[in-house]
Structures are given as structure tokens and as C-alpha cells.
């Protein structure tokens, strides 16, 4: 089991375990740094979703940098167990909600309205596309809210209903898209 670290904020330097989960690909530190650099203080005091959470690095980084609350969407039992362990050990239970199950279903089932969604869906398979389609038809992200989505650099970007692409950058085999909710 490897470890990745929180890059900045109140939890800076803490290390997260990377559970042995087939297909788990934690967001690289370089990509997380770029994402949070672009977001600046826009997450401060906000509610954030870490979709396809895996290690929880995106949601935990958001909490470390001033988000009030993070919702972690994950379906794999080993990843869920590790997330619960970190949230409890780091004293974040009052600020973190872990939702077991398929992240693709959450946008249409939730009554939550959040300020940002940070998604790192599997590169292979339809989950990423299905999640983005579900977001387009859901009010779960407030108008003006931010969607940060990692994808395989070779994958094409399509239009996303109700969103404007603010920036897209490539980092080796990964790409990071930052979208703003407009309608």
C-alpha cells in the first residue's frame, strides 16, 4: 500500500494510504496542485463533492484549503474503509460525509446543492461520460459552481449541457478540465 500526501493547507504534509483497489489511480500531486492553484480561494467556506473518491485526496485537499464540508462518493469497500479511517483519525467527521455507492447515480438522487464537484472517474469505461451527463440534468451544482474533472489526455472533450469550459490543461497522460455551471 503506497501513500500520497496533502499538498497545502491545514493538513499539509499528511499522508494518505492508497488502498489496493483494482483500477485505483490517485490524482497525481502535480495535477492536484494545478487544480487547486486554479481554484484559488473559490472553495473557501464552500461545500465540495469528491466524486469517484478513491483515496479521498481531492476532497481532503479541499478541506485542508478551507472548504467547510466535503462529500466523498465511492463504491469500493476497501476504499470506503480507508476513507472512514482517515476521516476519523484526522478528526474530520463533522466536515466529511462518505456516501457509499455509484457516483454516477448521485447527481440525480441528491437534494444537496454544492459549490464544487471534483471528479476523477476511471479513464477506461463509461463512468466519466455517464457522470457528466447526469450532472447536466441535475441542480446539484449551484449556478456559478465549479466542476474540476480529470480525464485521460487522449479522450476528447465534448460539450457539457449547462456548463462553460473555463480551462483545459494536459499533464502527461492526464488532462484536467475546469468547467463553470451557467444554467
**Message:** Scan segment 43-54 and tell me whether some residue there is surrounded by 15 or more Cβ atoms within 10 Å (Cβ to Cβ) and more than 25 Å from residue 163 (Cα to Cα).
**Reply:** yes
**Request:** Might you let me know whether segment 93-107 holds any residue that is in contact (Cβ under 8 Å) with a residue 60 or more places away in the chain and either closer than 23 Å to residue 9 by Cα or over 13 Å from the mean Cα position of the chain (by Cα) (or both)?
**Result:** no
**Item:** Search result, residues across segment 1-18 that are in contact with a strand residue (DSSP E or B) (Cβ under 9 Å, 6 or more places away or on another chain) and either loosely packed, with under 14 Cβ neighbours inside 10 Å or free of Cβ contacts under 8 Å to residues at least 24 places away in the same chain (or both)
**Value:** 1, 2, 3, 12, 13, 15
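Pull up segment 70-86, narrow it to residues that are touching a helix residue (DSSP H, G or I) at 6+ places or on another chain (Cβ under 8 Å) and not in a helix (DSSP H, G or I), then point me to the one that is surrounded by the fewest Cβ atoms within 10 Å (Cβ to Cβ).
The extreme case among them is 71.
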**Item:** Residues of segment 19-29 that turn out to be surrounded by 13 or more Cβ atoms within 10 Å (Cβ to Cβ) and either under 13 Å from the mean Cα position of the chain (by Cα) or in contact (Cβ under 8 Å) with a residue 60 or more places away in the chain (or both), as a count
**Value:** 5
**Asked** If you take the residues in segment 106-129 that are more than 27 Å from residue 5 (Cα to Cα) and loosely packed, with under 15 Cβ neighbours inside 10 Å, which one is modelled with the lowest pLDDT?
**Response** 125
**Item:** Criterion (in contact with a helix residue (DSSP H, G or I) (Cβ under 8 Å, 6 or more places away or on another chain), touching a residue at least 24 places away in the same chain (Cβ under 8 Å) and not in a loop (DSSP other than H, G, I, E, B)) met by exactly one of 60, 43
**Value:** 60
**Prompt:** Wholly within segment 133-183, which strands (runs of 3 or more DSSP E) include no fewer than the required count, namely at least 3 residues that are in contact (Cβ under 8 Å) with a residue 24 or more places away in the chain and buried (at least 17 other Cβ atoms within 10 Å of the Cβ)?
**Reply:** 141-152, 174-181
**Request:** Kindly indicate whether residue 63 is modelled with pLDDT of 95 or more, within 21 Å of residue 142 (Cα to Cα) and surrounded by 20 or more Cβ atoms within 10 Å (Cβ to Cβ).
**Result:** yes
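The values are calculated or read from the model by the stated rules, or taken from the named source; none is laboratory data. As the structure is a computational prediction, the values presented were derived from the model and not from experiment. For neighbour counting, all protein chains shown are included, and Cβ atoms are generated from backbone atoms with ideal geometry for every residue, glycine included.
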